[in-house]
Structure formats: structure tokens, C-alpha cells
1. Collect the residues in segment 299-325 that are part of a loop (DSSP other than H, G, I, E, B), farther than 17 Å from V166 by Cα and either under 17 Å from the mean Cα position of the chain (by Cα) or free of Cβ contacts under 8 Å to residues at least 40 places away in the same chain (or both), keeping them in residue-number order.
2. Of the conditions (1) at pLDDT below 90; (2) touching a Phe, Trp or Tyr at 6+ places or on another chain (Cβ under 8 Å), A312 satisfies every one except a single condition; which number is it?
3. Mind counting the residues in segment 327-354 that are among the aliphatic types (A, V, I, L, M), part of a strand (DSSP E or B) and in contact with a Pro (Cβ under 8 Å, 6 or more places away or on another chain)?
4. Listed residues L62, L33, L51; which is within 30 Å of S316 (Cα to Cα), open to solvent by 20 Å² or more (accessible area, probe 1.4 Å) and assigned to a strand (DSSP E or B)?
5. Assess whether V92 counts as being farther than 28 Å from L291 by Cβ and at pLDDT below 95.
6. Take the residues in segment 176-218 that are aliphatic (A, V, I, L, M), part of a loop (DSSP other than H, G, I, E, B) and closer than 23 Å to L75 by Cβ, then tell me which one is modelled with the lowest pLDDT.
7. Could you tell me whether L151 is crowded, with 17+ Cβ neighbours inside 10 Å, within 16 Å of the chain's Cα centre (by Cα), under 30 Å from G42 (Cα atoms) and not charged (D, E, K, R)?
8. Name the residue, out of G129, G119, that is under 25 Å from the mean Cα position of the chain (by Cα), open to solvent by less than 30 Å² (accessible area, probe 1.4 Å) and among the small types (G, A, S).
Amino acid sequence: MAAQSRELWTELLAPMVPQLTVDALEWQPIGSLLIASNAEEGEALAQRQHLLANAGLEDAQLLTAAEAKQLEPSLDLCSEGSALLVPSDMQVNGKATAAALLQACEAHGPRFTALFNEGARKLLQGDSGRVLGVQTEARRIHAGRGVVVALGAWSGAFLADQLADVRWAAAFRPRRGLLLEMPRPGGMPPVQHGMMELGYTQHYSQAGSAGAFTAYQTADSTAAAAGAAVAADKAAEHAGTDKIGSEPEEGIDITFTATTSKGGSLLIGSSREFSGFDSDAPEAVRAQHFLPGLAAVQRPDISVRSGPRPYATAGSPIVDTVPGADGVVVAAGHEGSGLTLAPATAALVADLLLGQPCDLEAEVIQAVRCPFRLSIEDFLSM
């Protein structure tokens, strides 16, 4: 999914969409550096290099700790450490990209209307049961092809309420993410690549990933995130229950990420914490362990960004038609990789709405299907 998204991002940057330019998105072809702190993690890096090669990304290179520190002089890495360099990885600024995409939509004139401060209240169904539109706080909106539910961490609660199916309430959970923005201290060498600790990417492959494709993005309300194409093991179906897959461990999880914005500021992360929709983020990060030069940064110079990532309890995002709600497609659960996977997600959503074949591999489509689709359809056919 990330491999196709990467190709589509490149196409979108062509003159096809005038608003999406390299400058507008703060597109930076700076590559990524995935860091292992010990020999065991180093073996995992070698496996990841193999997986990337199988996905068609053949430029990934394993580096010793000394080689990694040559590339990134600010990095402190023990002799047992190692790194995986992916020179072809690219980075965008999430806030700038969202603004550019909005401008591109607004360029369609009357075909596009933004109602950001007008909450959706109800899915409107016809006599046949097909969803024909949406009732907002102020108006009814007719759906020509269908309705896309892309409400992030709120998607499950909305669908559970509209469909009276409590299993949707457990499909997504808000997982608070943290990003710190700060100036680079004068004596600290620049951070040249998008760096991340190996543990960061493992959040996308806990359920038995069949592959991963590293992509980097910097987001406004979430940490700089490694995108990953995952083929998670199909979650166990719990007919008649509100469980989907295995529940993640609670508490705060902190892993290191660092990159440099196009404007020159450092973006440091990252934490993940199941704390509901509470936005009061802790400021605990591991970055100084890897970048000791950060000790010179003064607290008043640090800007803290925090927000709820949509965590999919089944292991992969859900991009699928909604069982029992004809005319509705859900696209949610990308956690920190929303922009990374956005083009392929949009292509799949369009294909689902139009009822046409999708270019994604069957294995990927299966991985992002509704994990309890069969149990709902079986129930409806009874």
C-alpha cells in the first residue's frame, strides 16, 4: 500500500495538480535511517532489508554504527548498534501538505464544499436501506456515489452509533502521539535524514507483518511517522462480541524519531499512549539518548504538539465497504501513517465507490478489509 502511495505521490507532484508542488508540501528527498541499538535489533534490520527488497525497494543499505555516525555526526550509537539506510525515502510536512490538498480541492469550485465546523449527525437511509446522504447540524447532504467515513479515531464510535453495532466501537482507539519542535543547538551537527528507532516501526508489524515499506512524514498534530505497508495476520473474528483482535498493552510507549523540517527546525518524538482523547501530552522522549546535543535546548524554545492517532485494533487500517450499510465506505485506522498511505487509500476508496477493480494486490486489499465482515454478513443472512 505504501509502495503504491509513493508512486502516486510522485505523480501528484507532476503538473497534474498545480497546488501540489515540492515547495507547497515541503517535499524533501532526504532518505531515512532506521536505528538498531544492539545485535538482536541488528538482525531485525537485516530481515527488514530483505522484506524491503522483496517489495521492490532495493536501495536499502545496512550500516555499522561507525558508518551511521559518519552519515549523522550528531548521532550517539554504541558499537553494537547498526542502521538501515533507505536513500530513496522522502519526507513531507503534514500541516503544509494538508493545506495544499485543501487548496487543490477548493480549486474544483462548486463541486467541493468544506463544512469543517458542521458536525455529521446521522446517516440517511432510503427505503431500500441504502445510505443516501448525511444529516449535519445544519443541513441534509445528498450522496451521489456514497458516503466515506474517514473520522480518524472517532470513526468507530460514529459507526457503532449509526449501525447499532458495538463491535465498531472497539475497531479504533485514540492513541495519543507527541511531537516536539525546537531549534537545533548551535554546536550540534544538522540531522540530515529522517531517523527513527527500530521499535517505532514495530508498531505497524506486531500482528505478523508480511512486509514493510519505510516512508517518512512530518505531521502537525502527530509525530514524524514511519509509514509501513503491512499485511497483518487476519484478526480473529468474534461474532457477537465487541472484540476485534488482541488488545494492545496500556501505558506510554516512547521511541526515538528525529528529522529536520525544511525550515531548519528539529522535529523530535515520539510517544504513543492510550489515554482516550486527552490532549495533555507528557514530554518524555528518548531523543537525548541518541542525540546528546539536545541537552543544550532550553525548555521555552520547545513547541509541543499532541493529538489522537486512530489506532486499528485489528492490526491494519480498515478501508472497505461497511457491512449492513450499503453506500458507505470506511477509511480509518492508519495511526501515524495517514499521509504516507493517503494516495493508495484514496484510490481504493474511489474504486469501492465506483464498484471497479483495484490496482492493489489482493493480499493488501484483504489486509485492510473489515475484520468482522463475515460475521456481520452471516448474521444479516440468518
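The values are calculated or read from the model by the stated rules, or taken from the named source; none is laboratory data. It should be emphasised that the depicted structure is a prediction, and the values quoted were computed from it without experimental measurement. Quick reminder, even Gly has a Cβ in these numbers, built from the backbone with ideal geometry, and neighbours come from all protein chains shown. For the accessible areas, the whole protein counts, side chains as well, though only heavy atoms, and no ligand, DNA or RNA atoms are used. Shrake-Rupley method; radii C 1.70, N 1.55, O 1.52, S 1.80 Å.
1. Passing the criteria: G315, S316, P317.
2. (1)
3. 2
4. Details: L33 fails: open to solvent by 20 Å² or more (accessible area, probe 1.4 Å); L51 fails: assigned to a strand (DSSP E or B).
When all the criteria are applied, what remains is L62.
5. No.
6. Top of the filtered list is A212.
7. no
8. Step by step, each of G129, G119 is checked, and only G119 is under 25 Å from the mean Cα position of the chain (by Cα), open to solvent by less than 30 Å² (accessible area, probe 1.4 Å) and among the small types (G, A, S).
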